[in-house]
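Notes follow the structure.
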């Protein structure tokens, strides 16, 4: 079964994303900050990562850059899921190695389409 890791420091956002993913047949892994997300990605090798941006310590852009440049994790697609909705943020996220970018609050259909595209690529 496909495993998707949620990296987010908001328990509410984690709960909502987990509910959507599990309803659609995915197993979930959780990391509550970017540093933990990197460690879990290296250890568990999820099929895809949903990455928040604004988190304490390392931010999601930095974590995405680290994951996409590491040979151990560069094949794991990252979709940034954030409240940062400026075009410059979207461009920066994609330049860091994210496969796609979606803003919160996410719509289930839009998120599922991005996940299916990323997993098929």
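All of the numbers you see were taken from the coordinates with simple rules; none came from a lab. The structure displayed is predicted, hence computed values, not measured ones.
Length available on full extension from residue 19 to residue 72: 0.36 nm per residue minus the Cα-Cα distance, which gives 16.2 nm. Taking every Cα-Cα distance in segment 3-120 and sorting them into 10 Å bins starting at zero, the pair-distance distribution P(r) comes out as 15, 54, 30, 1 percent.
Normalised by the number of residues in the chain, the mean separation of alpha-carbon contacts (under 8 Å, six or more apart) gives a relative contact order of 22 percent.
How many Å³ per residue does the convex hull of the Cα positions in segment 63-121 occupy? It would help to have the intermediate numbers written out before the result.
Details: hull volume 4.5 nm³, N = 59.
Cα-based convex hull of segment 63-121, divided per residue, equals 75 Å³.
GNM remark for the chain: springs join alpha carbons under 10 Å apart, and the peak mean-square fluctuation among 58, 17, 94 falls on 58. Full extension of the chain between residue 58 and residue 119 yields a length gain of 19.4 nm, computed as 0.36 nm times the residue separation minus the alpha carbon distance.
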